[in-house]
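K.L.:
Would you mind keeping the following structure in view while I ask a few things?
Only the coordinates and a few stated rules stand behind these numbers; no lab work does. From a predicted model like this one, the values you see are computed outputs, not experimental measurements. All Cβ positions, glycine included, derive from the backbone under ideal geometry; neighbour counts span all protein chains shown.
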Amino acid sequence: MNQELEALKAENAQLKELTTHLKGLLTLKGLLNISASHMPLRWELTYSEATIMSALLTGRVITRAYMKELLYWDREEPENADKALDVFLHNIRRKVGRDGIQLINEYGIGYHLDPCGKQIVMRYM
């Protein structure tokens, strides 16, 4: 009986995680209908960078935890996930910064695009 209960708890946790990820994807699609594959080619974003940028285009402040959830929803988060996220954010800043788009860090809260950033992005879409 205990083994069955533990198995159900584990399955429930996995389903909750998947549900959270799918809600995030549906929100991104519903608000902007922009996916990672629709980013301007001139930026040369990797798939992971474009996934983060898609989340930022919602206009909300995006937490690091949410970014990692978007990136690693289908596999175990690697030990260097925080460092990888730092690299992705650095690359996004460098690549989109050429077009005057700034990525703002709200210390202890998360990241968002500067107020004009979304308008600039939409010109390239």
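K.L.:
Could you order the peptides 2-8, 111-117 from most to least packed, using the average number of other C-beta atoms within 10 Å per residue?
P.N.:
Values: 2-8: 8.6, 111-117: 17.1.
Per-residue Cβ counts within 10 Å, averaged per peptide and sorted highest first, yield 111-117, 2-8.
K.L.:
If you take the Cα Rg of the stretch 37-92 and divide it by 2.2 N^0.38 Å, with N the number of residues, what do you get?
P.N.:
Values: Rg = 11.1 Å, N = 56, 2.2 N^0.38 = 10.2 Å.
So the stretch 37-92 has a normalised radius of gyration of 1.10.
K.L.:
For Asp82, Asp74, what ranking results if the residue with the fewest other Cβ atoms within 10 Å of its Cβ goes first? Provide the component values of the computation, followed by the final result.
P.N.:
Details: Asp82 12, Asp74 8.
Result, fewest neighbours first: Asp74, Asp82.
K.L.:
Tell me the label-point distance for the pair His90, Gln14, using the 7 Å Cα-to-Cβ offset, in nm and rounded to one decimal.
P.N.:
3.6
K.L.:
Further question on the same structure: Pairs Lys68/Lys95; Lys9/Lys83; Lys16/Lys95; Lys16/Lys118: which exceed 29 Å Cα-Cα?
P.N.:
Values: Lys68/Lys95 20 Å; Lys9/Lys83 31 Å; Lys16/Lys95 34 Å; Lys16/Lys118 31 Å.
Correct reply: Lys9/Lys83; Lys16/Lys95; Lys16/Lys118.
K.L.:
I'd like the trypsin sites (Lys or Arg not before Pro) in the stretch 80-120 restricted to DSSP loop residues with at most 12 other Cβ atoms within 10 Å, sorted by number. It would help to have the intermediate numbers written out before the result.
P.N.:
Working: sites: Lys83, Arg93, Arg94, Lys95, Arg98, Lys118; in loops: Arg98.
Answer by residue number: Arg98.
K.L.:
How do Trp73, Trp43 line up, fewest other C-beta atoms within 10 Å first? Don't skip to the answer; put the middle values down first.
P.N.:
Numbers: Trp73 15, Trp43 20.
The fewest-first ordering by Cβ neighbours comes to Trp73, Trp43.
K.L.:
For the stretch 41-54, take each phi angle, set θ = phi - 60°, evaluate the Karplus expression 6.51 cos²θ - 1.76 cosθ + 1.60, and give the result in whole Hz per residue in order, putting x for glycine and proline.
P.N.:
Working through the residues one at a time gives 5, 4, 7, 6, 6, 6, 4, 5, 5, 5, 5, 5, 4, 4 Hz.
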